[in-house]
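The values are calculated or read from the model by the stated rules, or taken from the named source; none is laboratory data. It should be emphasised that the depicted structure is a prediction, and the values quoted were computed from it without experimental measurement. Quick reminder, even Gly has a Cβ in these numbers, built from the backbone with ideal geometry, and neighbours come from all protein chains shown. All accessible areas refer to the heavy atoms of the entire protein, side chains included, with ligands and DNA or RNA removed. Shrake-Rupley method; radii C 1.70, N 1.55, O 1.52, S 1.80 Å.
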Amino acid sequence: TLCISVSSISNSGVDDKASLRGQSVNNSSRSMVMTSVCLVNSKTELNTHQTNMTTTYSSAKICPYKKENCDLNTEGLELDPGMQKVISESRDYEELLYIWKAWRDVSGAKMRDNYKAYVELSNLAAKENACPDCSILWLAKEPPNKFHQNMNKLWEEVKPLYLELHTYVKRKLRTVYGDLLGDDDLIPAHVLGNMWAQSWENIYDIVKPFPDASLVDVTSALQEQGFTAKKMFETSDEFYQSLGLPENSMSYDESVAMISKPEDGRVVVCHASAWDFCDRKDFRIKMCTNINMEDFITIHHEMGHIQYYIQYKDQPYALRAGANPGFHEAVGDTIALSVSTPEHLQKINLLKDYEDSYNSTINALMLTALQK
């Protein structure tokens, strides 16, 4: 069966003396097996549920806080930039809670039936090929029998720092929200400055250790220097070329790529992403760019994906993929760490009057911790 094929391919593998080519074929074989598993009779139904969820996610709107009976067509807030702007900038506890809950009521709650069916069909595809559930197929692209072990090891390494950061952040947030935070060890997700609480950099103004020290924030500089979405992309492209990598202007060519939110009424998913059109020449970024430091860094991350696509574009189709599902993200995040340093931002004239001191270094490290 196909599931047995996944197991045998993963476990037979190659020994330490095998060639790199052999390992590449091994990885691609696992990928092809996983792809073929998805070709089941219910694929059309599966795609329908996925499309319905994407449409719900991208079109969901809510009324502004304290204006719950608004006209959604003319006054409704979309996820980006409307709701995300409120979540990142507001310091009103009740407004943040309203935005957090209202969006989930009109998005996640409405996806429930589609998502349930999607999970059932995905697991059916796995079971028809002798796998317990779809998670086994996802793990097929990871090093055999190492995924959980690696995740546990990484978590134990970062856990002491994370717990200290968590405790420090809650103490700082309490100076703003007081007893509204509760008396347990938890932080309410809606006060962390991000719709998914996955990045806390938007509460940096609250938690920065040394308020009077120099700050690593180039949002004002980007706006004052007249940066547009295209100029932000061009600056990122220049950075990659300075490393000896190829130019990739095709990825943000506004005649084919979407780098700003459409103003013609089209409903789009604004979440930043990079796309390989598999013809060895067409690679594009899709993003609703805002002129701020967060999106400036995100552009560099997405362009990291594009550079990776370009590097393996001449490989056979089966080998045009990352070493594993997380490797693409690692490339983008490595670059993002490089371009967010004070040294680089000074070099490209976005950070001025920065005083390099112990206090400012700690502030910069805190910002990095909040981002990750």
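Quick one: which of ILE299, ILE291, ILE285 is open to solvent by less than 20 Å² (accessible area, probe 1.4 Å), out of contact with any Asp or Glu (no Cβ under 6 Å at 6 or more places or on another chain), at pLDDT 85 or above and among the aliphatic types (A, V, I, L, M)?
Numbers: ILE291 fails: open to solvent by less than 20 Å² (accessible area, probe 1.4 Å); ILE285 fails: out of contact with any Asp or Glu (no Cβ under 6 Å at 6 or more places or on another chain).
One residue alone meets the criteria, ILE299.
Could you tell me which numbered condition ALA125 fails, if it satisfies all but one of (1) surrounded by 19 or more Cβ atoms within 10 Å (Cβ to Cβ); (2) at pLDDT 90 or above; (3) in contact with a helix residue (DSSP H, G or I) (Cβ under 7 Å, 6 or more places away or on another chain)?
Going through the list (1) surrounded by 19 or more Cβ atoms within 10 Å (Cβ to Cβ); (2) at pLDDT 90 or above; (3) in contact with a helix residue (DSSP H, G or I) (Cβ under 7 Å, 6 or more places away or on another chain), ALA125 breaks only (2).
If you scan the range 214-238, which residues turn out to be over 21 Å from the mean Cα position of the chain (by Cα) and touching a residue at least 60 places away in the same chain (Cβ under 8 Å)?
SER214, LEU215, VAL216, ALA221, LEU222, GLN223, GLN225, PHE227, THR228
Restricting to the range 82-97, and then to whatever is open to solvent by 40 Å² or more (accessible area, probe 1.4 Å), outside any loop (DSSP other than H, G, I, E, B) and in contact (Cβ under 8 Å) with a residue 12 or more places away in the chain, can you tell me which residue is nearest to ILE203 (Cα to Cα)? Steps first, please.
Of the range 82-97, the ones open to solvent by 40 Å² or more (accessible area, probe 1.4 Å) are 84-85, 89, 91-92, 94-95, 97.
Checking which are outside any loop (DSSP other than H, G, I, E, B) leaves us with 84-85, 89, 94-95, 97.
Those still in the list that are in contact (Cβ under 8 Å) with a residue 12 or more places away in the chain too: 84, 89, 94-95, 97.
On the way: GLN84: 13, GLU89: 8, GLU94: 16, GLU95: 16, LEU97: 16 Å.
Once the filter is applied, the top-ranked residue is GLU89.
What pairs come out if I take residues in the range 176-202 that are farther than 23 Å from GLY82 by Cβ and pair them with residues that are open to solvent by 80 Å² or more (accessible area, probe 1.4 Å) whose C-beta lies under 6 Å away, six or more apart or interchain?
LEU181/ARG174
Just one of (1) open to solvent by less than 30 Å² (accessible area, probe 1.4 Å); (2) farther than 26 Å from ILE206 by Cα; (3) modelled with pLDDT of 85 or more trips up VAL6, so point out which.
(3)
Considering each of SER214, SER199 in turn, give the residue that is part of a loop (DSSP other than H, G, I, E, B) and within 20 Å of LEU351 (Cα to Cα). Give the derivation first.
Values: SER199 fails: within 20 Å of LEU351 (Cα to Cα).
Residue meeting the stated conditions: SER214.
Closer than 29 Å to SER255 by Cα and either without any contact (Cβ under 8 Å) to a residue 40 or more places away in the chain or under 14 Å from the mean Cα position of the chain (by Cα) (or both): does that describe GLY304? First the steps, then the outcome.
Numbers: closer than 29 Å to SER255 by Cα: yes; either without any contact (Cβ under 8 Å) to a residue 40 or more places away in the chain or under 14 Å from the mean Cα position of the chain (by Cα) (or both): yes.
So GLY304 passes the test.
Can you tell me which residue in the range 107-116 is nearest to the chain's Cα centre (by Cα), limited to those that are crowded, with 18+ Cβ neighbours inside 10 Å and part of a helix (DSSP H, G or I)? Working first, answer last.
As a first pass, look at the range 107-116 and keep what is crowded, with 18+ Cβ neighbours inside 10 Å: 107, 111, 114.
Filter again for part of a helix (DSSP H, G or I), leaving 111, 114.
On the way: MET111: 21, ASN114: 23 Å.
This residue is MET111.
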